[in-house]
Each structure stands twice: as C-alpha cells, then as structure tokens.
Amino acid sequence: MNTREAIHAMLTTNTGRHMLDSGGAYGRNWERNASKSLDDFITGPYSWMDSYGCLTISLFHHLDAAVDFEAAMDAEYLAFTHNSSDSHLEDISNWIEHIGGTEIYSDNSYNHESALSQVIQYTVYEFDGEQYVALQIHQGCDVRGGYTRPWIFSLSDEYALLSESGSVYCTGSEQHRYDYYGGEWTIDGSYSREIQPYALQTEARKVGITEYIPCYECGYPLEGTDTRKEVSA
Ligand SMILES: [Zn+2]
C-alpha cells in the first residue's frame, strides 16, 4: 500500500454510528466519501472557495503533499495495539514510549482556524532522527467521535501538517490567482489587506452582490477551483 492508497483507505473508513454522532443534516464524511475512488480524490480539486469567501483545502491533497506512509512501522503499531482496550491517544503515547521515541506535539485541527475539508487529529514524534506522525482522520459528524484508527506516516518537516496552503482563481478570462498560505492571501503574488476574500465579500455585499465574491482585479466571480496545483506523488 502506498501513501495515496493509505490516505484513500482512511478517507473511506466506516467509523460507524457513534452514540455522540447523529449524522446531522450533512451526514458523515465516510458516507459521503464511500463511493469515491482513489482517482476521484487525485483528480479532485486541491482547493475551492464558496460564495461566502470561505476557502476549503482538500484533505487528500494536503496529506498527499505532507506525509509518506510507513507501512512497516504501521504494521508494528497495529501489532502493538492489537489487544489494547485503551483509547487511541493512550495507545499512541504507549507506542512512542515502547519504541524509545520522543513525542514532539499533538494537535487537533478543530481547535484552531483550519481550511481543511475534514478534521485531523495527530501526534508528531521523533524516532531515530526521523519525524513521524500517528494520524487520525475525523470521519463522523460530531467532532467528539468518529475518528479512524491512528495510521503511521513519516513527515518531511515536523510542522508540515500545520502549513495549510491553497489557491483559487477568478472565473474571468485572465484567471487572477489568489494564493492562501498560513492565514494570508496574495493575488498574483502581491499582498494587500483589501484583497482578502473576507474584505472582498464585505465590499460586494455593500453593492448588493450576494451570490459570489467578485475578483478585485476584474470583478468576475472568485470561485474557480485549483486543480492545477502540482502535488508530489
Ligand atoms: Zn479576475
């Protein structure tokens, strides 16, 4: 199983119907993902923007660029936790201690601003000079339940999962490019406070435009998706 296959397996994991997880109005992520093939995720957009100026970054592409699946270490983790009745977080902590690794930090993307299409929870640790992550994807509806089991990946850099970036294009003929990186936007490479989509939305609402965010440069709707971003295989 390669990295993309592992991410696809996680994204289509049935996390069941937890008692805390009603399914809600929008349903569970795994149910929406269940019919998607690996190719659907690979060819799907990297990021997109809605009519409110909210950016969403595909979790598949975000992970594909940031992590590498460590099949052997993942198999060891599964064997180590096979008979465990502890929580996943306790399992991860025990596992890191067991192999003589060092925990660096843990994060849940729900606890801060995040543009990822699904919530992730993970623990980054160091072992033998390399950085790894025990990663869970939230597949349910209620964020308290419905996570996959932890899967083990290596990381190119310990903050790779925190670095969220994406791009969208306007739908005009010039296709002005808006890039998001770490909470800030640039248009065609230059930064300006006024061209942040939220500020553009405020201006658009003032003149009665409610269905889309107009491009700062040409006024065409800023809702093009980014399918062209190169991602590592
Ligand atoms: Zn434009």
* Asked: Rounded, prolate or oblate: which fits region 165-226 when a ≥ b ≥ c are the square roots of the eigenvalues of the alpha-carbon gyration tensor, with rounded for a/c under 1.5 and prolate only if a/b beats b/c?
  -> oblate
* In what sequence do S167, S114, S154, S190 fall when counting other Cβ within 10 Å, fewest first? -> S190, S154, S114, S167
* Asked: With θ set to phi - 60° and the Karplus curve 6.51 cos²θ - 1.76 cosθ + 1.60, what are the ³J(HN,Hα) couplings of region 189-202 in order, to the nearest whole Hz, using x for Gly and Pro?
  -> x, 10, 8, 7, 4, 5, 9, 5, x, 5, 5, 5, 5, 4
* Starting with the fewest neighbours, write out H82, H61 ranked by other beta-carbon atoms found within 10 Å of each beta-carbon. => H82, H61
* Asked: Tell me, what ³J(HN,Hα) does each residue in region 54-70 have, in order and in whole Hz, if you take phi through Karplus 6.51 cos²θ - 1.76 cosθ + 1.60 with θ = phi - 60° and put x for Gly and Pro?
  -> 8, 8, 10, 10, 4, 4, 4, 5, 4, 5, 4, 7, 9, 10, 10, 5, 10
* Asked: From the backbone phi of region 95-103, what are the Karplus-calculated ³J(HN,Hα) couplings (6.51 cos²θ - 1.76 cosθ + 1.60, θ = phi - 60°) in whole Hz, Gly and Pro given as x?
  -> 5, 4, 5, 4, 8, x, x, 10, 6
* Asked: Sorting I213, I152 on the 10 Å Cβ count, fewest up front, what's the list?
  -> I152, I213
* To do: Give the distance, in whole Å, between the Cα centre of region 163-201 and the Cα centre of region 100-115.
  => 26
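Would you mind finding the longest exposed-site-free stretch of the chain, with exposed GluC sites (Glu not before Pro) meaning DSSP loop and at most 16 other Cβ atoms within 10 Å? Numbers along the way, then the final one.
Working: sites that count: E113, E158, E174, E211, E217, E230.
After excluding every exposed loop site, the longest remaining stretch is 1-112.
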* Rounded, prolate or oblate: pick one for region 3-162, where a ≥ b ≥ c are the square roots of the eigenvalues of its C-alpha gyration tensor, a/c under 1.5 means rounded, and failing that, prolate if a/b is larger than b/c, else oblate. => prolate
* Asked: In deg cm²/dmol, rounded to 500, what helix-only [θ] at 222 nm does the chain give when every DSSP H run of at least 4 residues adds -39500 (n - 2.57) and the total is split over its residues?
  -> -7500 deg cm²/dmol
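Quick note: the coordinates plus some simple rules give every number you see, no bench work behind them. Nothing here was measured: the structure is a model prediction, and the numbers come from that model. We place every Cβ from the backbone using ideal geometry, glycine too, and count neighbours over all the protein chains shown.
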